[in-house]
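Visitor: One structure coming up, written as structure tokens, with questions to follow.
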Amino acid sequence: MENFTPIESLSGGVLIGLASAILLFFTGRIAGISGIFGGILQAKHGETQWRVVFVAGLLVGGLLVNFFRPDMLQFQMDRTNFGIIAAGLLVGIGARMGNGCTSGHGVCGIGRLAPRSMMAVVIFMTAAAATAYVVNHLLGGHL
Amino acid sequence: MINLIIFSCGLLFAFGLALSGMTQPSKVVNFLDFTGKWDPSLMFVMGGAVFVYYIGQRISLSRDKPTYAVNFQLPTATEIDLPMAIGNVIFGIGWGLVGFCPGPALVSSVSGNPQPVMFLVAMSFGMYAYGAVAEHFLTRPLPQVDGGAGIHEHAMLEALEAEDKKHHLP
């Protein structure tokens with residue numbers, strides 16, 4: 001096990017769960033980032049403003065983290081621009097087609113004990129693990 | 001007030017992502033590639049998040065309605081259809097390739113690092129393109145965006161209901 005950070009990861013998870021629960025309590029909405037962000041792109045009346053506000057919170061949060069703890073956001077992945085763009089396209093398409101992502105299905109879906117989301121998590125975790133394996137072991141960690 | 005709350009949720013969510021390590025794509029990949037230098041940390045992220053969310057959700061759903069909305073908008077579908085399963089696979093592949101998913105991409109995009117920005121732009125395009133294609137060529141509906149009155153219309157509706165009650169006293 002390398003770089004095992006159980007305390008930070010658990011604490012971070014607690015904050016994520018808390019933020020999602022607070023959103024549900026006050027607005028009745030699911031904190032699925034792909035749904036929130038993707039919904040902005042769909043631009044339906046009455047459904048855009050709260051999404052923009054939430055995403056603004058994410059971005060300002062990022063700015064604050066970058067200011068106080070830049071180490072948390074600094075990285076350089078051994079990936080070509082092409083690889084990054086391809087990954088982005090797949091995540092974008094897949095999150096919409098799959099009706100959710102790690103927060104929507106993984107946190108809120110499992111939190112609801114929804115079999116549909118649990119299945120989704122199993123599927124995308126398996127696909128992700130297989131992909132990570134291929135990249136790390138068959139492609140030498142480059143893409 | 002509601003905007004402040006929603007904004008704060010986004011803020012808190014971002015802090016959670018950063019603290020948990022989800023904004024470190026190599027950490028994500030090391031979790032996913034469990035045959036390699038396995039880092040199980042992200043299991044704790046989901047565990048912690050699900051646990052807290054479950055409790056918070058029980059509290060929320062025990063009430064009649066959310067504080068600032070007419071109703072809860074929870075997914076109603078119970079079945080996984082083939083397109084959804086394929087979508088999950090595609091998402092998984094994209095996630096495993098670099099280690100970004102939507103939330104961390106957004107949070108990291110403001111750090112000046114071009115990698116998450118590129119990912120975010122590509123992701124946005126992918127989402128938009130899927131929506132455009134799905135609407136025109138597939139019979140499958142887009143993921144539900146609305147299931148009732150919007151949040152900011154809530155105050156207006158409450159006022160209307162109050163007016164209604166005033167004129168229909170028993």
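Visitor: Which residue, of A:ILE36, A:ILE16, is buried (at least 19 other Cβ atoms within 10 Å of the Cβ), more than 7 Å from every other protein chain (Cβ to nearest Cβ), of a type in the set (A, V, I, L, M) and within 15 Å of the chain's Cα centre (by Cα)?
Guide: A:ILE36
Visitor: Mind checking which helices (runs of 4 or more DSSP H) fall wholly inside the range B:1-109 and carry at least 2 residues that are of a type in the set (Gly, Ala, Ser) and buried (at least 18 other Cβ atoms within 10 Å of the Cβ)?
Guide: Per the criteria, B:2-20, B:41-61, B:82-98, B:102-108.
Visitor: Tell me, yes or no, whether the range B:89-105 has at least one residue that is more than 7 Å from chain A (Cβ to nearest Cβ), farther than 21 Å from A:VAL53 by Cα and β-branched (Val, Ile, Thr).
Guide: no
Visitor: Still on this structure, please answer the following. If you go through the range A:39-52 one residue at a time, how many are within 7 Å of another protein chain (Cβ to nearest Cβ), surrounded by fewer than 20 Cβ atoms within 10 Å (Cβ to Cβ) and either acidic (Asp, Glu) or under 16 Å from B:ASN3 (Cα atoms) (or both)?
Guide: Summing the residues that are within 7 Å of another protein chain (Cβ to nearest Cβ), surrounded by fewer than 20 Cβ atoms within 10 Å (Cβ to Cβ) and either acidic (Asp, Glu) or under 16 Å from B:ASN3 (Cα atoms) (or both) in the range A:39-52 gives 2.
Visitor: Restrict the check to the range A:80-100 and report whether at least one residue is among the polar types (S, T, N, Q) and more than 7 Å from every other protein chain (Cβ to nearest Cβ).
Guide: Scanning the range A:80-100, I find at least one residue that is among the polar types (S, T, N, Q) and more than 7 Å from every other protein chain (Cβ to nearest Cβ), so the answer is yes.
Visitor: Next question, about the same structure. Mind checking whether some residue in the range A:11-26 is under 17 Å from B:PRO104 (Cβ atoms), among the hydroxyl-bearing types (Ser, Thr, Tyr) and at pLDDT below 95?
Guide: no
Visitor: Would you call B:ILE80 touching a His at 6+ places or on another chain (Cβ under 8 Å) and either facing chain A (nearest Cβ under 7 Å) or more than 20 Å from A:LEU73 (Cβ to Cβ) (or both)?
Guide: no
Visitor: Sticking with this one: I'm checking my understanding of the structure. Among residues of the range A:117-136 that are of a type in the set (A, V, I, L, M, F, W, C) and touching a His at 6+ places or on another chain (Cβ under 6 Å), which one is nearest to the other protein chains (Cβ to nearest Cβ)?
Guide: A:ALA120
Visitor: Can you confirm whether A:GLY104 is within 7 Å of another protein chain (Cβ to nearest Cβ) and of a type outside the set (A, V, I, L, M, F, W, C)?
Guide: Here the answer is no, as A:GLY104 does not meet what is asked.
The values are calculated or read from the model by the stated rules, or taken from the named source; none is laboratory data. Everything quoted here is computed from the prediction, not taken from an experiment. Glycine also receives a Cβ, built like all others from the backbone with ideal geometry; neighbour counts cover every protein chain displayed.
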